[in-house]
Amino acid sequence: MAEGWQGVAAGQTEQKCEAFFAMGRASSEPPHSPTRPKAGAAPKKEKEKNKNSEKSVSLCFRKAPPLVQQVQWGIKITGLNFTDMPVKIRLQRKGRKKAPFYHIVIADSRAPRDGKYIQRIGTYNPLTVPATINVDRDAAFDWLMKGAQPTDTVRAILKFKGVFYKKHLQRGVAKGALTQEQADAMLAQWIEGKEAVVESRREQTKQRLEKQRQMIFGTPPAKPEPKVEEAPEATEVEASTEEGTDAEA
């Protein structure tokens, strides 16, 4: 009796688990999904599946929701974003192991990270304090206006270098709120202030490293000045030559 009761309990538990997972799959998938049947549907035999496969697929696609919902479900399920541009502004890794150095490039999003690129617009060295960044602002601005999408790191770099500020000013010029001369003057002033801040941080880092070096190694001793021998006076030289001539005579 105990064995029979245990067998019944185990069978009920398996049924409950199957029902629970079926409910979870049904709630996570969009309705009328062509990949799996609805929750609670009776399993079909293999022969019936082979016979009615084409019919079931056609019915599923006939009942498909509008295109907007299909795109939303595709983003939610697969993690793909169909609105991404094929051209990216991204980093291309260079340098040796544990010493990265990056090129900022315009590349196809389908290309490998270190593969072909369309244009190189700058460099980025994260190992210095502050980081050393060289970017062609005009080229980056032109690609942004063409629709190229930067990665998160490149977006932060372009904001730091004033490319997005230039884009903001050009919107004001297009709307008539600013003239082109005013926008250029504001951008030059912003860049000058940013470069001054970066230079001050670089000087502070240099002083801090110098203090650390002095704490570790101490102040170096002063180098002794080289001794310079004074030339003999002309009278002494002449007297010695005269004495030599008298002795010879």
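The values are calculated or read from the model by the stated rules, or taken from the named source; none is laboratory data. Just so it is clear, the model here is predicted, and its values are computed rather than measured. Neighbour counts are summed over all protein chains in view; Cβ atoms, including those assigned to glycine, are modelled from backbone coordinates with ideal geometry. Heavy atoms of the whole protein, side chains included, go into the accessibility calculation; ligands, DNA and RNA do not. Shrake-Rupley method; radii C 1.70, N 1.55, O 1.52, S 1.80 Å.
Observations
- Based on Cα atoms of segment 80-166, Rg over Rh with Rh as the Kirkwood radius reads 0.96.
- Residue 187 accessible area, 1.4 Å probe, all protein chains in place, Å² to nearest 10: 20
- The accessible area of residue 195, taken with all protein chains in place and a 1.4 Å probe, comes to roughly 80 Å².
- Amide H partners (placed H, <5 Å) of residue 118, local residues excluded: 106, 107, 108
- In terms of its C-alpha gyration tensor, segment 116-186 comes out prolate, because a/c is 1.5 or above and the ratio a/b outweighs b/c.
- Ranking by accessible area, most exposed first, for 167, 211 with a 1.4 Å probe: 211, 167
- The residues of segment 75-196 present an accessible area of 63 Å² per residue when probed at 1.4 Å with all protein chains retained.
- Farthest toward positive dipole pole in segment 114-212 [+1 Lys/Arg, -1 Asp/Glu at C-beta], among 118, 150, 209: 150
- Residue 168 contributes about 110 Å² of solvent-accessible surface, heavy atoms of the protein only, 1.4 Å probe.
- Net charge, residue 150 excluded, C-beta distance under 9 Å - Lys, Arg +1, Asp, Glu -1: +2
- Relative contact order of segment 88-196, pairs being alpha-carbon contacts under 8 Å that are 6 or more residues apart, as %: 19
- Inter-site label distance for residue 188 and residue 207 at 7 Å from Cα along Cβ, in nm: 3.1
- Modelled FRET efficiency - R0 30 Å, residue 222 with residue 136, Cβ distances, 0.05 increments: 0.05
- Counted charge near residue 169, where neighbours are those whose Cβ lies closer than 13 Å (Asp, Glu -1; Lys, Arg +1): +3
- Global form of segment 73-219, assessed from the alpha-carbon gyration tensor, a/c cut-off 1.5: oblate
- Each of residue 200 and residue 113 was given a label point 7 Å from its Cα along the Cα-to-Cβ line. The distance between the two points is 3.6 nm.
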